[in-house]
């Protein structure tokens, strides 16, 4: 599936069409986590998904790389419809979709170098000199060139998350999915991590999709945001567009978090 674009409109990085997902409950019932959601995310943008606990935001994010496979509908990433692929082709397509998690998901008995190298070794895509160079490049992108030989237990929470980002970037992804990446971090470390994500987006033009319950994070980082409630998208908007009234409580709160006044007050003038 390809998507036409005009000179003024970037091509689509991600398209979800009428996707849905239900889960079995302990009492034998069914819980509709995602209900008939359609969503377009532009190439190179930073897109946020926000919602209350249980609203379905993380399930929706995990549908983008089919960690959660929709029961109906289609998922297209970088022009390729993932929901039509067999297992082998899906594994290949996932090489172009990086993901970072709240809990870092690092290999505790491996060095920082080996953690970042892991997806490259898994896909056997580079010889040893090129692999070493690519790992060094990714660590430089996140400011951890001097931590290559360290182990996760020797790192701070922010450093661990930056290792996770470097690992996610190793395979040259077109899309980076971030599931609550700052929730375990203190405010100062959060600011540094947001700077890292913003820099990666600017330098590499990687499309970033971030789920967070922290409105200040989304308001500072994102170009556009979707508010999800009860498994459906209640509204979506550009953070800089204040011309259209917001329809949800979270949307109205984000109207402030997306302003220059908030950015200056929360992060300092450098982020305004």
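Figures for the structure shown
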item	result
Hey, residue 209 closer than 30 Å to residue 92 by Cβ, in contact with a helix residue (DSSP H, G or I) (Cβ under 7 Å, 6 or more places away or on another chain) and buried (at least 22 other Cβ atoms within 10 Å of the Cβ) or not	yes
Scan of the stretch 226-241 for residues that are part of a strand (DSSP E or B) and over 18 Å from the mean Cα position of the chain (by Cα), ordered by number	229, 232, 234, 235
Every residue from the stretch 162-186 that is crowded, with 22+ Cβ neighbours inside 10 Å and out of contact with any strand residue (DSSP E or B) (no Cβ under 7 Å at 6 or more places or on another chain)	162, 163, 166, 167, 170, 182
Search result, residues across the stretch 83-100 that are assigned to a loop (DSSP other than H, G, I, E, B) and within 20 Å of residue 138 (Cβ to Cβ)	95, 96
Test result for residue 103, under 19 Å from residue 210 (Cβ atoms), part of a loop (DSSP other than H, G, I, E, B) and touching a residue at least 12 places away in the same chain (Cβ under 8 Å)	yes
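Each value in this text was obtained by applying a stated rule to the coordinates, not by laboratory testing. Predicted, not measured: the structure shown is a model, and the values here were computed from it. FYI the Cβ positions are ideal-geometry reconstructions off the backbone, even for glycines, and counts take in every protein chain you see.
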